[in-house]
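The block underneath contains the structure these notes are about, expressed in structure tokens.
The values are calculated or read from the model by the stated rules, or taken from the named source; none is laboratory data. Computed from a prediction, not measured in an experiment: that's the story for all the values here. Positions of Cβ are backbone-derived with ideal geometry, glycine not excepted, and every protein chain shown enters the neighbour counts.
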Amino acid sequence: MAERPSSPDRFNEERATYTVRGSDTPDIEAGVAAIRETIKTLPTRPGVYRMQDARGDVLYVGKARALRHRVTNYTQVDRLPKRLQRMVAQTRSMTIVTTESEAEALLLEAQLIKRFRPPYNVLLRDDKSFPFILLREDHVFPRVQLHRGARKIKGQYYGPFAGAGQVRRTLNALQKLFLLRSCTDSFFANRSRPCLLYQIRRCSAPCVGRIDEASYNELVQDAQDFLGGKSTKVQAKLGDAMTAAAEALDFELATVYRDRLKALTFIQGSQAINAEGLGDADIFALASKEGGMCIQAFFIRGGQNWGHRSFFPVHTADVGEDEVLMQFMAQFYEDVPPAPLVLCDREPAEVDLIAEALTQRIGRKVRIEVPQRGSRVKLIKQAQRNAVEALERRQAESSATGKALNEMADLFALEGPPDRIEVYDNSHIQGTSALGAMIVAGPEGFRKNAYRKFNIKQAATDDDFAMMREVFERRFGRAKDEDPNRDSGEWPDLVLVDGGRGQLNAARQILEELGIEDVPMVGVAKGPHHGREGREVFHLLDGRELTLPVNHPVLFYLQRLRDEAHRFAIGAHRQKRARTITVSSLDEVPGIGPARKKALLMHFGTAKAVRNASLDDLQRAPGVSAAVAQTVYDYFHG
């Protein structure tokens with residue numbers, strides 16, 4: 001389904017927002033008193049309410065058709081489940097936002113839940129954005145590329161895809177099939193001969209005129225037809241072209257069409273489910289077991305399966321499955337445009353309201369259905385099976401992780417199983433592009449939204465101890481300033497440092513200088529047989545050194561943490577190094593655009609030569625005026 005850039009309406013809280021505060025006494029009577037104080041000024045119109053504790057932190061976000069009636073229910077404590085009774089006991093103030101309709105209130109509720117992540121709301125915990133394929137329209141020869149984030153670039157967006165892997169596989173096939181360019185505009189503008197992609201038949205080389213604009217636009221139209229679900233039309237067209245080329249004895253051209261047909265067949269054959277005839281649809285199925293829930297989502301666009309993803313909502317205790325599905329859908333579609341058809345394995349709570357809200361958000365009709373017969377039931381059953389299997393895998397992994405965390409607590413003499421583990425690593429090449437990396441893990445797995453990169457600004461970048469000092473000073477100095485009471489849950493229960501006794505002692509000294517002496521730390525060294533897996537030595541603050549059997553589950557878990565830290569640090573370092581390589585000192589000279597920068601580099605050869613050039617030499621460079629030459633000379637020598 002093609003989606004053009006859009007700017008979803010955002011609600012202006014200021015126009016109808018007010019807060020009423022009550023007593024700070026930590027008991028349920030104080031919470032009820034604060035709610036009753038709010039009710040005195042509540043209207044009966046639709047809106048959203050936020051429950052807040054004594055510090056002003058949001059406990060819960062809810063929506064209502066009639067605010068006064070809905071909020072009054074919280075004063076009848078005996079009728080509330082235990083979860084909401086605990087919430088009322090913590091409530092000390094409320095913030096109210098009125099809206100024009102209940103559908104608008106539902107959209108605003110989802111928006112605020114994603115912003116504040118309250119502990120008493122069902123939360124869609126997913127820190128990965130969805131990738132799209134973008135066919136740009138801001139160039140004579142449109143470019144096809146992977147895109148994440150806000151859809152601000154002019155063009156057509158196809159998605160969502162479940163992950164970047166599906167996008168890259170589809171892009172590779174699209175390049176073979178339609179020969180569309182994937183290079184940047186600057187790379188395109190500076191070509192004098194075709195690049196390697198043309199040689200391996202993955203681009204039609206419009207950069208050097210190997211294809212004219214009309215023919216290229218025909219390829220673009222074919223790609224649009226294919227991504228829009230008209231693959232049969234594209235297949236027939238390619239088949240006819242291959243036959244015509246063969247009959248004309250142009251076997252080289254016939255081979256090209258044959259290879260493109262193979263690419264099309266690959267894409268069609270890689271579909272995990274048969275959704276032909278379904279058009280654009282999203283499919284959701286929910287599985288529940290032993291207090292855990294999984295929602296499986298399939299994305300069908302143009303009858304093609306663009307992948308599936310498992311979601312594990314949290315804070316679902318005492319919440320009905322239909323209510324969880326409703327909350328999930330509201331939050332899920334906060335960032336993802338809904339398909340015109342949404343198929344579910346059960347009817348979500350307030351289904352008509354969700355359909356109305358999604359229709360309002362996207363600007364076209366959205367239907368939510370629960371199939372009862374036919375091929376759509378098969379799709380639902382497949383989604384259900386995937387949901388059950390994903391939940392069982394998750395629970396098995398959680399059980400193994402929980403056991404490893406318990407054993408780790410005993411080995412490292414921790415107060416209990418760590419809920420937040422931070423692992424630190426540094427990466428550089430002979431001191432260049434140095435950075436520090438921090439990953440975070442817990443009982444639920446890696447928390448990738450909490451990962452952090454630290455660009456080294458002050459330390460000598462070939463001094464690992466100095467780099468660690470800077471990273472720890474920035475991380476824990478800020479934590480101490482912003483959360484001295486450690487109420488946010490962002491303080492680690494265990495810190496793992498990549499290195500031996502020296503690195504561990506340096507880290508301890510840094511924290512002691514900050515006045516922090518109660519954060520458990522362990523150094524992870526490679527041991528006497530450097531580089532051999534399973535021979536790691538763990539250095540503890542009390543001077544002990546531990547080694548574990550090569551098949552010990554705690555060792556496997558710690559190796560996973562260390563490997564993830566290495567992966568993240570090396571990946572971040574590569575990105576930084578790549579940016580550094582493409583940056584020139586001429587980029588910082590005021591008034592020097594791409595054309596003059598290119599003229600100077602073509603004349604002098606390197607940016608260093610430009611920097612060392614005399615004013616007379618700069619003035620003799622072609623395309624450089626006396627004023628520009630003076631500007632460049634003053635920048636480097638002034």
- Has region 284-292 got any residue that is within 20 Å of Pro340 (Cβ to Cβ), at pLDDT below 90, crowded, with 22+ Cβ neighbours inside 10 Å and touching a strand residue (DSSP E or B) at 6+ places or on another chain (Cβ under 8 Å)? no
- Query: List pairs: first in region 374-395 and without any contact (Cβ under 8 Å) to a residue 40 or more places away in the chain and of a type in the set (A, V, I, L, M), second surrounded by 16 or more Cβ atoms within 10 Å (Cβ to Cβ) and outside any helix (DSSP H, G or I), Cβ under 9 Å, 6+ apart or cross-chain?
  - Reply: Val377/Pro371
- Based on what the data block shows, is Ala317 part of a loop (DSSP other than H, G, I, E, B) and closer than 20 Å to Leu391 by Cα? yes
- Query: Which residue pairs have Cβ atoms under 6 Å apart, sit 6 or more places apart or on different chains, and have a first residue in region 84-107 that is closer than 10 Å to Ala34 by Cα and a second that is of a type in the set (Ser, Thr, Tyr) and not in a loop (DSSP other than H, G, I, E, B)?
  - Reply: Val88/Tyr74; Ser93/Thr19; Met94/Thr38; Met94/Tyr49
- Message: Just to be sure before I move on: is Asn121 modelled with pLDDT of 90 or more and over 22 Å from Met293 (Cα atoms) in the structure I sent?
- Response: no
- Residue count, region 477-498 (criterion: at pLDDT 85 or above and under 14 Å from Val440 (Cβ atoms)): 8
- Message: within 26 Å of Phe188 (Cα to Cα) and either surrounded by 15 or more Cβ atoms within 10 Å (Cβ to Cβ) or not aliphatic (A, V, I, L, M) (or both): is that true of Thr631 in this structure?
- Response: no
- Query: Does region 28-70 hold any residues that are among the polar types (S, T, N, Q) and touching a helix residue (DSSP H, G or I) at 6+ places or on another chain (Cβ under 6 Å), and which are they?
  - Reply: Thr44
- Residues Gly149, Gly155: which one is more than 17 Å from the chain's Cα centre (by Cα), outside the structural domain of Asp318 (by TED's automatic domain parsing) and at positive phi? Gly155
- Among strands (runs of 3 or more DSSP E) entirely within region 355-450, at least 2 residues that are at pLDDT 85 or above and over 30 Å from Ala103 (Cα atoms) occur in 421-429, 432-442
- For Leu278, are the conditions met, namely being modelled with pLDDT under 85, under 21 Å from Leu174 (Cβ atoms), more than 24 Å from the chain's Cα centre (by Cα) and outside any strand (DSSP E or B)? no
- So is Ala349 farther than 24 Å from Asn305 by Cβ, part of a loop (DSSP other than H, G, I, E, B) and in contact (Cβ under 8 Å) with a residue 24 or more places away in the chain or not? yes
- Quick one: would you say Ile211 is farther than 30 Å from Ser310 by Cα, surrounded by 14 or more Cβ atoms within 10 Å (Cβ to Cβ), of a type in the set (A, V, I, L, M) and outside the structural domain of Pro338 (by TED's automatic domain parsing)? yes
- Only one of (1) touching a Leu at 6+ places or on another chain (Cβ under 6 Å); (2) closer than 30 Å to Glu109 by Cα fails for Asn386. Which number is that? (1)
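Which helices (runs of 4 or more DSSP H) does region 130-218 wholly contain that include 3 or more residues that are over 30 Å from Phe298 (Cβ atoms)?
Per the criteria, 185-189, 196-199.
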- Before we move on, is Ala66 out of contact with any Asp or Glu (no Cβ under 8 Å at 6 or more places or on another chain), among the small types (Gly, Ala, Ser), surrounded by 14 or more Cβ atoms within 10 Å (Cβ to Cβ) and at pLDDT 90 or above? yes
